[in-house]
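Following: one structure in structure tokens, then a few remarks.
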Protein chains: 2
Amino acid sequence: MPQKVRIALDAMGGDHGPSVVVPGADLSLARHPDSEFIFFGDRAVLEPLLVRYPRLQAVSRVVHTDVAIKMDDKPSQALRAGRGKSSMWLAIDAVKKHEADVAVSAGNTGALMAMSTIHLRTMAGIDRPAIAAIWPTLRGESVVLDLGATIGADTQHLVDLALMGSAMARILFDLDSPTVGLLNIGVEEVKGLEEVREAGQILRERNLPHINYFGFVEGDDIGKGTVDVVVTEGFAGNIALKTAEGTARQIGSYLKAAMSRTIWARIGYLFARSAFRALAEKMDPRRSNGGVFLGLNGIVIKSHGGTDAEGFAAAVDIGYDMVRYELLAKIGQALVPAARVDTSTQAAGGAAL
Amino acid sequence: MPQKVRIALDAMGGDHGPSVVVPGADLSLARHPDSEFIFFGDRAVLEPLLVRYPRLQAVSRVVHTDVAIKMDDKPSQALRAGRGKSSMWLAIDAVKKHEADVAVSAGNTGALMAMSTIHLRTMAGIDRPAIAAIWPTLRGESVVLDLGATIGADTQHLVDLALMGSAMARILFDLDSPTVGLLNIGVEEVKGLEEVREAGQILRERNLPHINYFGFVEGDDIGKGTVDVVVTEGFAGNIALKTAEGTARQIGSYLKAAMSRTIWARIGYLFARSAFRALAEKMDPRRSNGGVFLGLNGIVIKSHGGTDAEGFAAAVDIGYDMVRYELLAKIGQALVPAARVDTSTQAAGGAAL
């Protein structure tokens, strides 16, 4: 582990670019003074901004590029236009070249995942990357993955997701063996879930290190916080995430409408203002902003595109933690022979361990 | 269409059995005086209860059975124990024999779907059944399907879901051509969604009757009410439904905690009580209680197991509407040759129509 945590920032990513990335980095630096930063982007915009944050400026350097990936570029367009020269690519490239320990971008998810996968490649023993997020729950927070990096999952991929999600949860929640649940649906004996059942069997029987396998969980268990890590394939995971966000906004709208409907409700709102503020804070998506790309030879963090400096700082914080507490080493430790679906050739070795 | 809407009730289904089913039927009868009922279940319990509801008793008969399906029976267990004799089976059987127009059960979903599919069989032209629910949205309500009847979906099944969901939405929302969206994830160019893309192409290009195809929607569009009908395969649909329910409960808990945290918040709550009541009503799952089984030769409605009389009445109401406004005929009309994925053999016929 390096003395300092070196953070590469795609300064042009997101809806607001440097005006959010720079102050966001400064907020995170205040919490982690052992960070240093490389900003990739338009020097003419970045340098005057950095002057306003002397503490940050002292530990930062700027690498200029004119090329920025647009938020609505398709991955293939982004690669054509930005490979080798965009702020997003260069941030990832810094990780590839070991000039940085982690890259953080608020740019578009598809492009960031495509560039990260092509440039960093998947870890030995992992076939496909994943996106994990921190999901606020009634019990605290949980890690949920995959949120859409890949669609569909065979048994091995589900087991790999469990290993990678647990490594992330060990860091975030400071646990030795996080509880892990496989997302499933309640209807028993429905066909088509063989891979989920097989993955469950492997997680239950093989006594993998640093995993406390709970069993199947359903959609409503995510918000309850039934387990520390919720594992599912990317399509269902993405639908779950977006549906939860939609439901939260929907209820927020109802609440707002209800609170302005009558004069009494408005008076009530005034009395309960601090309670509503606490509620809003509880539901604040900035608090858990930061999707972690897992399974690659390097750490990449995706911030929401529309976030503000506080939200971007939360994404940088997550990147810092993933480096400081050695996410990649922890995933490596989890990739034991017993975690292979087909252990026929490794069975003897596994038993000898 | 029969003069009366004849409703078969699994009187022993659900967590509360007859004590909810009987008063629920009475509430629905008050709204639809042209209903009549057959109660399947324990005569010794049902008849004394019915005496308390003379209006209902006058249009009801009881068919006795000792056998009830348990809420936690697996479908295979339920079939072994209850085929031909349980209250659930007999209610479905009444639809099969044209003694009733619709069956309503609060019993366990897996058993009800298995029995309905085995006994009623899928409609000609439909390969697999589906479960559709009415989802409250910011714009009103939408139909969402499939919620877990079957896992995975090929192109034809997705198109069929669109046809069946539209038929249901035509009735519920009194629309000629409901808008239809295919649930998808935002990341472009991800592999594995060929069937969703192909289904979208068919819905867009073939000008199917009574469908206004909108395009892809994401998880957060469900709560927004972007479209009248949201189509997805059963695994993702079930995860979406349960995740939304979990999120709603989670926010409800936060709100409750916030409102009792300080004396000011409690006072505010008192002022805003009617607003909170309106909010609770808005979020009341009883209002839209009733999953509709689609694609079978008969109409079966699934009520939540834990619901009360008001919620069960809502499920009966939906069953009434599906009969009165001819769901099966509307689905039949939608099954035009142009809705077949492979129209090579029917193309000439389709063009001649």
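Residues that are surrounded by fewer than 24 Cβ atoms within 10 Å (Cβ to Cβ) and either out of contact with any strand residue (DSSP E or B) (no Cβ under 9 Å at 6 or more places or on another chain) or not in a strand (DSSP E or B) (or both) within the range A:6-17 comprise A:15, A:16, A:17, listed in sequence order. If the condition is being closer than 18 Å to residue A:153 by Cα and more than 7 Å from chain B (Cβ to nearest Cβ), then the range A:207-221 contributes A:215, A:216, A:217. Looking across the range B:22-72, the residues that are in contact with a Gly (Cβ under 6 Å, 6 or more places away or on another chain) and closer than 22 Å to residue B:99 by Cα come down to B:67, B:69. Restricting the first member to the range B:261-285 and to residues that are closer than 14 Å to residue A:275 by Cβ, and the second to residues that are hydrophobic (A, V, I, L, M, F, W, C) and surrounded by fewer than 18 Cβ atoms within 10 Å (Cβ to Cβ), the beta-carbon pairs closer than 6 Å and six or more apart or on different chains are B:271/A:264; B:271/A:267.
Taking the criterion of being more than 17 Å from residue B:143 (Cβ to Cβ) and either among the polar types (S, T, N, Q) or at pLDDT 95 or above (or both), would at least one residue in the range B:271-278 satisfy it? For the range B:271-278, residues more than 17 Å from residue B:143 (Cβ to Cβ) and either among the polar types (S, T, N, Q) or at pLDDT 95 or above (or both): present. Among strands (runs of 3 or more DSSP E) entirely within the range B:19-135, having at least 3 residues that are surrounded by fewer than 23 Cβ atoms within 10 Å (Cβ to Cβ) singles out B:60-64. Taken together, the criteria exclude residue B:324 from residues that are within 14 Å of chain A (Cβ to nearest Cβ) and farther than 19 Å from residue B:105 by Cβ. Screening the range A:115-159 for residues that are away from chain B (no Cβ under 11 Å) and hydroxyl-bearing (Ser, Thr, Tyr) and picking the one that is nearest to residue A:104 (Cα to Cα) gives A:116. Going by the conditions given, is residue B:198 of a type in the set (Asp, Glu), closer than 30 Å to residue A:278 by Cβ and part of a helix (DSSP H, G or I)? It is false that residue B:198 is of a type in the set (Asp, Glu), closer than 30 Å to residue A:278 by Cβ and part of a helix (DSSP H, G or I).
Just one of the numbered conditions (1) out of contact with any Gly (no Cβ under 9 Å at 6 or more places or on another chain); (2) within 14 Å of chain A (Cβ to nearest Cβ) is not true of residue B:249: (1). Name the single residue that is surrounded by the fewest Cβ atoms within 10 Å (Cβ to Cβ) among those in the range B:138-170 being modelled with pLDDT of 95 or more and out of contact with any strand residue (DSSP E or B) (no Cβ under 7 Å at 6 or more places or on another chain). Looking at residues that are modelled with pLDDT of 95 or more and out of contact with any strand residue (DSSP E or B) (no Cβ under 7 Å at 6 or more places or on another chain), I get B:155.
Taking the criterion of being more than 7 Å from chain B (Cβ to nearest Cβ), among the aliphatic types (A, V, I, L, M) and touching a Lys or Arg at 6+ places or on another chain (Cβ under 9 Å), the residues of the range A:254-301 that qualify are A:257, A:292, A:296.
Considered as a group, the residues in the range A:143-159 that are assigned to a helix (DSSP H, G or I) and among the β-branched types (Val, Ile, Thr) include one that is farthest from residue A:125 (Cα to Cα), and that residue is A:155. Inspection of the range B:160-181 finds a residue satisfying the criterion of being within 14 Å of chain A (Cβ to nearest Cβ), without any contact (Cβ under 8 Å) to a residue 60 or more places away in the chain and not in a helix (DSSP H, G or I).
The rows are residues; the columns are (1) among the polar types (S, T, N, Q); (2) surrounded by fewer than 20 Cβ atoms within 10 Å (Cβ to Cβ); (3) modelled with pLDDT of 80 or more.
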position	(1), (2), (3)
A:257	no, yes, yes
A:267	no, yes, yes
A:282	no, yes, no
A:295	no, no, yes
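Against the criterion of being over 23 Å from residue A:235 (Cα atoms) and in contact (Cβ under 8 Å) with a residue 12 or more places away in the chain, residue A:74 does not qualify.
Taking the criterion of being of a type outside the set (Val, Ile, Thr), at the interface with chain A (Cβ under 7 Å from one of its Cβ atoms) and surrounded by 20 or more Cβ atoms within 10 Å (Cβ to Cβ), the residues of the range B:222-240 that qualify are B:223, B:235, B:236, B:238, B:240. Entry remark, the range A:110-137: residues being at pLDDT 95 or above and among the aromatic types (Phe, Trp, Tyr) number 0 in total.
The values are calculated or read from the model by the stated rules, or taken from the named source; none is laboratory data. These numbers were taken from a predicted model, which means no experiment stands behind them. Please note: Cβ atoms are built from the backbone with ideal geometry, for glycine as well, and neighbour counts cover all protein chains shown.
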